[in-house]
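The block underneath contains the structure these notes are about, expressed in structure tokens.
The values are calculated or read from the model by the stated rules, or taken from the named source; none is laboratory data. Since the structure is predicted, the reported quantities are computational estimates derived from the model, not experimental observations. Methodologically, a virtual Cβ is constructed for each residue, glycine included, from the backbone with ideal geometry; neighbour enumeration extends over all protein chains shown. Protein only, heavy atoms only, side chains kept; ligands, DNA and RNA dropped before computing areas. Shrake-Rupley method; radii C 1.70, N 1.55, O 1.52, S 1.80 Å.
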Amino acid sequence: MSIIKPTGLRPGWRKIMIVVTVVVAAMLGYGAWMYPDAPFRKCSVGIETYCGKGGKQRTPSEYEDFRKWENTLIFVVWPIAVSLQILAALFSRQKKR
């Protein structure tokens, strides 16, 4: 099965799978670009700064943006992508002639 052009799927499902793949890749790319030193943690007790793996300090707003992106990826984008992949595999196979 090709990554770019899923084979064995009806044309409508094929387009949906390509869009889903692009959306997931874009979300992952956005996270890698914006938060290369993720995950974040508190730098020290009592100070409202966060640090990544590289030690770069982040503001609370950057931390909140990271958490929103992470939660959107985990609880929205990923389940939708996986469920559409399963539905496509179950219901849209072309009949062999």
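What the table shows:
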item	result
Residue-normalised accessible area of the range 14-97, expressed per residue, 1.4 Å probe, Å²	73
Distance-filtered residues of the range 14-52 - backbone nitrogen under 17 Å, label point 7 angstrom along residue 72 Cα→Cβ	20-36
Cα-based shape type of the range 23-69, given that a ≥ b ≥ c are square roots of the gyration tensor eigenvalues and the cut on a/c is 1.5	prolate
